[in-house]
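Each remark here refers to the structure printed beneath this line.
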Amino acid sequence: MMRHIFQSISTTALASLFLLAASGVQAGDIKGKITVHGMRSAENIAVYVDAIPGKAFPAPTQHVAMDQKGMTFAPHVVVILKDTTVDFSNSDAVGHNVYWPSVGGDKKLAHNLGTWPQGQKKSFTFSDLGAIALLCNVHPEMSGYLVVVATPYSAVSDKTGQFVIKDVPPGHYTLKTWSEEGKPATQPVDVAAGEVEVQLTVQK
Ligand SMILES: [Cu+2]
């Protein structure tokens, strides 16, 4: 009987069935707006899905770029998935150094990549979670930040405090923030297919 039913379903019908099954787990986008209190700006705030229980993410094959350009780290804040390799480049005519005094406050994870001239780059794979202040020991006024998180679902806010985290699998999660000036904030979020809007407040 079953055999007969399957034989009577055309290839096109089968394809439609697979599409239907796939749409049952359609990802959604988290569209958010951050309001700040006591801070200079709502820009450059890292927002990320804290964790997805039972789900492990493979080390990304694609590298992330962090440049030193115009005597600044560019971009100023980058969020990366754990085990991402960052390529540090130097676009300035002067030598720059890259070092970090800790990872997530752990001074044992301090590291100095050295100093190198324009046009060269050095790579490093970040396997520990936490925020990292990037510094240059040639130019003490320079700073940038890496935020290493446990999921690939993250974003950095723009000048108006807005952000979009794309293609998040449906589920109930906790959004967290990291910023240079503000205290960490958390916000529950329910993701389904389509777009979910969230409001976040970050306090100094
Ligand atoms: Cu420098």
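The values are calculated or read from the model by the stated rules, or taken from the named source; none is laboratory data. None of the values given here were measured: they were computed from a predicted structure. Cβ coordinates were reconstructed from backbone atoms using ideal geometry, including for glycine residues, and neighbour counts include every protein chain displayed. Note: areas computed on protein heavy atoms with side chains; ligands, DNA, RNA excluded. Shrake-Rupley method; radii C 1.70, N 1.55, O 1.52, S 1.80 Å.
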- Using Cα pairs under 8 angstrom and six or more residues apart, how large is the relative contact order of the chain, in percent? 32 percent
- Message: Cross-link candidates for Lys31: which lysines have Cα within less than 19 Å, leaving aside residues fewer than 8 places away along the same chain?
- Response: Lys159, Lys166, Lys176
- Note on the structure: So, for the Cα atoms of segment 82-122, Rg and Dmax in Å stand at 11.9, 33
- Leaving out ligands, DNA and RNA, what percent of the accessible area of the chain is carbon and sulfur, probe 1.4 Å? 56 percent
- Express in nm, to one decimal, how much length is gained between Lys204 and Tyr99 on full extension, taking 0.36 nm for each residue of separation and deducting their alpha carbon distance. 35.2 nm
- Pick out, from Ser89, His37, Gln62, the residue whose Cα sits farthest towards the positive end of the charge dipole of the chain, with +1 on the Cβ of Lys and Arg and -1 on the Cβ of Asp and Glu. Gln62
- Task: Divide by every residue of the chain the summed helix terms, -39500 (n - 2.57) for each DSSP H run of at least 4, and state the resulting mean residue ellipticity at 222 nm, rounded to the nearest 500 deg cm²/dmol.
- Result: -3000 deg cm²/dmol
- Task: Please report the Cα spread of segment 31-120 along all three principal axes, rounded to whole Å, starting with the longest.
- Result: 42, 36, 27
- Item | Values of log10 I(q)/I(0), in the order q = 0.12 Å⁻¹, for segment 98-170 under a Debye, Cα-only, solvent-free model | -0.45
- Message: Spelling out what I want: for every residue of segment 47-62, take phi, set θ = phi - 60°, compute 6.51 cos²θ - 1.76 cosθ + 1.60 (Karplus), and round to whole Hz; glycine and proline get x.
- Response: 10, 8, 6, 4, 6, 10, x, x, 10, 10, 10, x, 4, x, 7, 7
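Per residue and in cubic angstrom, what volume does the convex hull of the Cα atoms of segment 104-146 have?
Value for segment 104-146: 91 Å³ per residue.
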- Measuring with a 1.4 Å probe in the full set of protein chains, what accessible area per residue, in whole Å², belongs to segment 59-204? 50 Å²
- Query: Given R₀ = 41 Å, FRET efficiency for Asp87-Lys33 by Cβ-Cβ distance, to 0.05?
  - Reply: 0.85
- Extension gain (nm, one decimal) between Asp167 and Lys107, 0.36 nm per residue minus Cα-Cα: 18.1 nm
- Message: Please list the three semi-axes, largest first and in whole Å, of the ellipsoid equivalent to the chain, using sqrt of 5 times the eigenvalues of its alpha carbon gyration tensor.
- Response: 40, 22, 15
